[in-house]
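The next block holds one structure in the form of structure tokens; read it before the comments.
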Amino acid sequence: MEPFIHLAGVRKVFRKGATEFLAISEATFDVMPGDLVALVGPSGCGKTTLLKILAGLYDYDGGTVRIGTGTHPFDPSRDIGMVFQQPLLLRWRRIVDNVLLPTELLGLPAKASRERALALLAMVGLAGFEDKYPYELSGGMQQRAAIARALVHDPKLVLMDEPFGALDALTREKMNLELLRIWKESGKTIVFVTHGISEAVFLGTRVVVLTAGPARMADNFEVQLPHPRTLDMKTNERFGEYTRRIYHLLGME
Amino acid sequence: MTAKTQTMDLLPRYALAVLSHLALVLAWYLFVRFGDVPKFVMPSPVDTVKVLFSGTYEWWPNVLVTGTEIIGGYAIALVVGVLLALVFTWSKWLEAAFMPLLVSLNMIPKVALGPLIIVWFKYGVFPNTLMAFSIAVFPILLTTARGLREVEPDLLDLVKTLRGSRWQIFIKIQLPGALPYIFSGMKVAAILAVAGAIVGEFLGSDKGLGYMMLQVQVTLDTDAMFMAVILITLIGVLLYGAVLVLERLLVVKDARID
């Protein structure tokens with residue numbers, strides 16, 4: 001099968017005046033359709049930059065980025081859903097109207113979109129909260145709404161930038177399980193940026209490891225743990241091997 | 001929002017607010033009644049209210065004049081302040097050129113402009129409206145400009161990936177996001193507009209409550225002076241209250257800036 005995302009030798013340099021800063025050197029990896037790829041690395045390793053290149057928000061200075069195949073076409077103007085570390089809900093809009101924002105921007109039919117938004121809110125576990133305002137919801141619930149917003153226009157690719165980084169540890173574990181369920185149900189291709197090593201292994205069908213200073217790609221491997229994943233897998237031996245492998249690459253042993 | 005306002009029911013809160021106002025009036029009454037205060041220094045609340053109905057003065061036309069100056073100046077300040085802020089967020093160049101100029105102009109004590117405004121526009125409602133406007137416009141302009149700039153960069157990225165237009169960003173994100181800021185400026189401006197109109201009337205006018213105060217000062221009719229102050233205050237309270245009601249209708253609870 002042809003990869004949905006194909007990155008080969010991608011380079012990104014930031015320039016400010018005469019100074020140059022190499023944000024990414026030689027990023028090469030493939031993402032198959034329906035994969036959940038975790039990009040893991042320390043702060044400043046260029047993982048957010050890479051995500052923004054995939055989103056079409058940044059140019060790149062070398063290499064190839066190709067998204068979409070003949071069987072899985074990709075329209076960059078409407079096939080991207082984004083989730084950030086902060087929920088970034090509009091505080092003057094009710095939850096369902098927040099979820100509808102992308103459909104308004106794209107000019108999708110209002111009635112069908114609303115039905116879809118309500119169905120998605122039910123899927124992310126927010127049934128009954130449609131008419132609440134964001135401040136009436138906990139941080140975890142707000143992030144669930146943000147995930148529904150990223151799915152509402154039925155994008156082919158969902159980009160997540162440390163979406164659970166601001167949540168407490170317990171909520172985070174719960175959201176990990178929820179995300180895996182949502183991913184299975186929606187069948188989306190997801191690229192998930194995190195600095196949590198065990199989170200990356202737990203979520204990813206594939207893990208791409210990036211190291212900082214100079215930013216470069218250190219590893220790229222498939223995670224051979226069965227689905228559905230369960231929390232007790234975190235204690236099994238293979239899970240430990242994967243996390244040790246990443247710790248080693250990041251020089252933390 | 002503090003924990004205190006959260007746990008307190010609305011009814012006792014309003015009751016306490018009303019009580020504190022009544023207590024002030026009562027204290028005023030008792031002070032005059034038992035404090036041996038000469039009437040021309042401080043009249044009792046009863047005498048003050050009496051002067052409103054004594055027929056000695058034409059209160060209503062003067063209230064109307066001062067009210068027109070305050071509300072008129074305030075309304076113009078709101079329209080001009082918000083529009084200027086809009087223009088500045090749309091054009092970096094215009095902002096770079098004119099924002100510093102406006103800040104400098106704002107440093108001019110508006111009271112000092114009073115005599116000039118009279119020279120230019122003569123006595124009357126219009127120059128006093130202009131005073132109210134000139135003093136009320138800056139807080140609205142500054143808070144609106146600030147509010148329009150407050151947009152999360154990540155949220156802009158989200159809109160960009162979906163090819164959202166500048167107009168969509170403005171109408172769906174910037175403007176509603178700026179509303180709490182606009183209202184905080186409007187509240188400050190409401191107080192300033194009242195002061196501006198009254199100062200205008202002090203400096204030169206032939207009608208209005210401020211003009212009346214100067215007239216009765218000569219005859220030491222302190223009752224009337226007190227009543228004039230109360231009426232001016234009431235106009236201000238009405239304006240401020242209207243702004244609060246509008247804010248309650250337009251701005252979600254969590255976003256209000258107190």
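The values are calculated or read from the model by the stated rules, or taken from the named source; none is laboratory data. Note that the structure is predicted; figures quoted are calculated from it, not measured. We place every Cβ from the backbone using ideal geometry, glycine too, and count neighbours over all the protein chains shown. SASA here: full protein model, heavy atoms, side chains in, ligands and nucleic acids out. Shrake-Rupley method; radii C 1.70, N 1.55, O 1.52, S 1.80 Å.
Counting only residues that are at positive phi and either hydroxyl-bearing (Ser, Thr, Tyr) or more than 9 Å from every other protein chain (Cβ to nearest Cβ) (or both), region A:63-96 holds 2 of them.
From B:Gly204, B:Gly210, grab the single residue that is open to solvent by less than 10 Å² (accessible area, probe 1.4 Å) and modelled with pLDDT under 90.
Being open to solvent by less than 10 Å² (accessible area, probe 1.4 Å) and modelled with pLDDT under 90 holds for just one of B:Gly204, B:Gly210, which is B:Gly204.
Residue under question is A:Ala27, and the condition is that it be closer than 18 Å to A:Asp161 by Cβ, crowded, with 18+ Cβ neighbours inside 10 Å and either more than 14 Å from every other protein chain (Cβ to nearest Cβ) or charged (D, E, K, R) (or both); does it hold?
yes
Cβ-Cβ distances below 6 Å connect no pair with a first residue in region B:91-103 that is assigned by TED's automatic domain parsing to the domain that holds B:Thr143 and in contact (Cβ under 8 Å) with a residue 40 or more places away in the chain, a second residue that is outside any helix (DSSP H, G or I) and open to solvent by 70 Å² or more (accessible area, probe 1.4 Å), and a separation of six or more residues or different chains. Checking each residue of region A:208-231 against the condition of being out of contact with any Gly (no Cβ under 7 Å at 6 or more places or on another chain) and in a helix (DSSP H, G or I) gives at least one match. So for region A:123-141 (the condition being under 14 Å from the mean Cα position of the chain (by Cα) and surrounded by fewer than 18 Cβ atoms within 10 Å (Cβ to Cβ)), does at least one residue qualify? So far as region A:123-141 goes, no, none of its residues is under 14 Å from the mean Cα position of the chain (by Cα) and surrounded by fewer than 18 Cβ atoms within 10 Å (Cβ to Cβ).
The helices (runs of 4 or more DSSP H) found wholly in region B:1-116 and carrying at least 2 residues that are among the β-branched types (Val, Ile, Thr) occupy B:3-7, B:10-34, B:45-53, B:59-90. Considering only region A:97-135, state which residues are among the charged types (D, E, K, R) and within 14 Å of chain B (Cβ to nearest Cβ). Those that are among the charged types (D, E, K, R) and within 14 Å of chain B (Cβ to nearest Cβ): A:Asp97, A:Glu104, A:Asp131, A:Lys132.
B:Leu94 passes every criterion in (1) away from every other protein chain (no Cβ under 14 Å); (2) within 24 Å of the chain's Cα centre (by Cα); (3) open to solvent by 20 Å² or more (accessible area, probe 1.4 Å) apart from (2). Condition check for B:Arg149 on (1) free of Cβ contacts under 8 Å to residues at least 12 places away in the same chain; (2) of a type in the set (Lys, Arg); (3) touching a Ser or Thr at 6+ places or on another chain (Cβ under 8 Å): one failure, at (1). The numbered conditions (1) part of a helix (DSSP H, G or I); (2) open to solvent by 10 Å² or more (accessible area, probe 1.4 Å) are all true for B:Val151 except (1). Just a yes or no: is a residue in region B:170-182 touching a Phe, Trp or Tyr at 6+ places or on another chain (Cβ under 6 Å), buried (at least 17 other Cβ atoms within 10 Å of the Cβ) and among the small types (Gly, Ala, Ser)? No - not one qualifying residue is present in region B:170-182.
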